[in-house]
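Just so it is clear, none of the values below were taken in a lab; they were calculated from the coordinates. What you see is a predicted model; the values in this text were computed from it and never measured. Because the Cβ atoms are built from the backbone with ideal geometry, glycine has one as well, and the counts that use them run over all protein chains shown.
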Amino acid sequence: MNTTGHLLYLFINGFLKGTQHGTVSQPGFIYEGNVSLNQGTNIISLLSVTVGHANYGAFFDMQETDIVGGPVKLISIENPNNVLDLSKSTWSYKVGINGMAEKFYDPKITNGIQWKTNNVSVGVPMTWYKTTFKTPDGTNPVVLDLIGLQKGEAWVNGQSIGRYWPAMLAENKGCSDTCDYRGEYNADKCLSGCGEPSQRFYHVPRSFLNNDVNTLVLFEEIGFGATPLNVSVQTVTVGSICATADYGKTL
């Protein structure tokens, strides 16, 4: 399965069977995976996800980002020469997902959704979560710590905080306990956070918050290994330090 999208989910008969994402060096990729089929009719669904568009290069606004038409093939494990090419089969398509279209994330819209309050499912792909929290006191900046989640999007009081991807880890190399900024600059100097999520704290503008209680909605895509139970609301203290030092001395 060829795709120029950044992420692909494979569903067989309504069940998620696998997922794969591209990289910076290879944004497009070929998805391959083993599947088990039922006797008779089976339904194959492919969900292609675009994380963002290219921001440089010639005609970047014209670059296609999605499933590019195949080939889509079923290959027998026992007999690799037994191939069923589905590329020219009749495919239907749908843009977006129902939860987005019905605005599950907006607490002002009453659409008859029955949110479960007991035995909250964790580690389940394509799951919506909702909870409430009180506005932190003071005027310090507010952030969501989304550690424990995999990939998805977050909303506070119906306002999108952004798409998160804590499961995307920084490379586990290049960091050092010692750091010296002197000399020629390069992007690999004084690295920190190796092997950790590239981002786990997401800013929540105080203009998005109510005077008392707020609604947080999460849409978790990947699910596997994800839990919303570790998500927290925190404040960040921003300060400044002023000091002087003689040439050649340590500051």
The cysteines in the chain that find no other cysteine Cβ closer than 4.7 Å to their own Cβ are C242
Most packed first (mean Cβ within 10 Å per residue), the peptides 166-173, 31-38 order as 166-173, 31-38
Whole-number value, in Å³ per residue, for the convex hull of the alpha carbons of the range 1-146 is 230
Shape descriptor, the range 70-114: equivalent ellipsoid semi-axes (Cα gyration tensor, sqrt 5λ, whole Å, largest first) stand at 41, 12, 7
Summing -39500 (n - 2.57) over every DSSP H run of at least 4 in the chain, dividing by its residue total and rounding to the nearest 500, the 222 nm mean residue ellipticity is 0 deg cm²/dmol
Simple spin-label estimate for D137/E171, 7 Å along Cα→Cβ, in nm, reads 4.6
Ordered by fewest other Cβ atoms within 10 Å, a rough proxy for footprinting exposure, Y164, Y202 read Y202, Y164
Partner lysines whose C-alpha sits under 30 Å from that of K134, ignoring same-chain residues fewer than 8 away, are K103, K108, K116, K151
Averaging 1/r across every pair of distinct alpha carbons in the range 139-180 and inverting yields a Kirkwood hydrodynamic radius, in angstrom, of 13.2
Given unit charges at Cβ for Lys, Arg (+) and Asp, Glu (-), the dipole magnitude of the range 12-168 about its Cα centre in debye, nearest 20, is 400
Partner lysines whose C-alpha sits under 21 Å from that of K173, ignoring same-chain residues fewer than 8 away, are K189
Expressed in Å to one decimal, the Kirkwood Rh of the chain from all distinct alpha-carbon pairs is 22.0
Rounded to the nearest Å, the spacing of the alpha-carbon centers of the range 196-251 and the range 26-102 is 35
Excluding residues fewer than 8 positions from K88 in its own chain, the lysines with Cα under 22 Å of it are K73
Checked against the positive end of the charge dipole of the chain (+1 on Cβ of Lys and Arg, -1 on Cβ of Asp and Glu, about the Cα centre), the farthest of T250, L144, N214 is N214
A correct Kirkwood calculation over the Cα atoms of the range 2-85 returns a hydrodynamic radius in Å of 14.4
Karplus-derived 3J(HN,Hα) from phi for the range 76-93 (6.51 cos²θ - 1.76 cosθ + 1.60, θ = phi - 60°), whole Hz, x at Gly and Pro, runs 5, 5, 6, 9, x, 7, 8, 10, 10, 8, 9, 4, 9, 6, 7, 10, 10, 9
For the range 193-251, shape from the Cα gyration tensor axes a ≥ b ≥ c, cut at a/c of 1.5 then a/b versus b/c, turns out oblate
For the range 92-159, one quarter of the surface area of the C-alpha convex hull, expressed in nm², comes to 6.9
Contour minus Cα-Cα span, T250 to V83, at 0.36 nm per residue, comes to 53.2 nm
Convex hull around the C-alpha positions of the range 98-235: the volume in Å³ per residue is 153
